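Structure record follows, encoded as structure tokens.
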Amino acid sequence: EIPWDILSSIPSNDQKLYFLTSIINYGLNLIMPERSIKVHPNDRPWVNSNLKSLINRRQKAFASDNVTLFKMLRNKVNRERKRCRKSYYQSKVHNLRNTNPRDWWREVKQLCGTSKLNNKSVKDRLHQDLWQETDINLSNKINNVL
């Protein structure tokens, strides 16, 4: 619950803005904490941190000549890669149903690999679990924290 009476008692507009901004940032940090990740230019858009860690474990097993562990991790990497790719494309196609034709063609070209990715959508930067959320549900989650 936001104490709105405090906001009305603050005399300066700059202080009101600072107070409101700090409340919004606090809420956003609760539901979407900042994390630093390494993004390589050659990474596919469906690659996530879990897949990368599995790949690293697989490579370490390969380097240490642990054949059984390598084969097990190889299979896990392949399954996880297919799952990530499928969920990425499903979320993209699901979002295409509600877009205008211009955005639809832009997304289709990106999915086919004929155009470079743009950073137009904030939703693309969210955690994979939030990709399926509609704009309204995502906005409501942010509002509920605030």
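Tabulated data
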{"read-out": "Sole exception among (1) part of a loop (DSSP other than H, G, I, E, B); (2) under 16 Å from the mean Cα position of the chain (by Cα); (3) among the polar types (S, T, N, Q) for residue 50, by number", "value": "(1)"}
{"read-out": "Any hit, region 64-86, residues being at pLDDT below 90 and of a type in the set (Gly, Ala, Ser)", "value": "no"}
{"read-out": "Hits in region 96-132 - residues which are surrounded by 12 or more Cβ atoms within 10 Å (Cβ to Cβ), modelled with pLDDT of 75 or more and polar (S, T, N, Q)", "value": "99, 110"}
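Conditions (1) in contact with a helix residue (DSSP H, G or I) (Cβ under 6 Å, 6 or more places away or on another chain); (2) in a helix (DSSP H, G or I); (3) within 19 Å of residue 43 (Cβ to Cβ); (4) of a type in the set (Lys, Arg), marked per residue:
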| position | (1), (2), (3), (4) |
| --- | --- |
| 57 | yes, yes, yes, yes |
| 60 | no, yes, no, yes |
| 69 | yes, yes, no, no |
| 83 | no, yes, yes, yes |
| 90 | no, yes, no, no |
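The values are calculated or read from the model by the stated rules, or taken from the named source; none is laboratory data. Computed from a predicted structure; not experimentally measured. Here the Cβ is made from the backbone with ideal geometry for all residues, glycine too, and neighbour counts use every protein chain on show.
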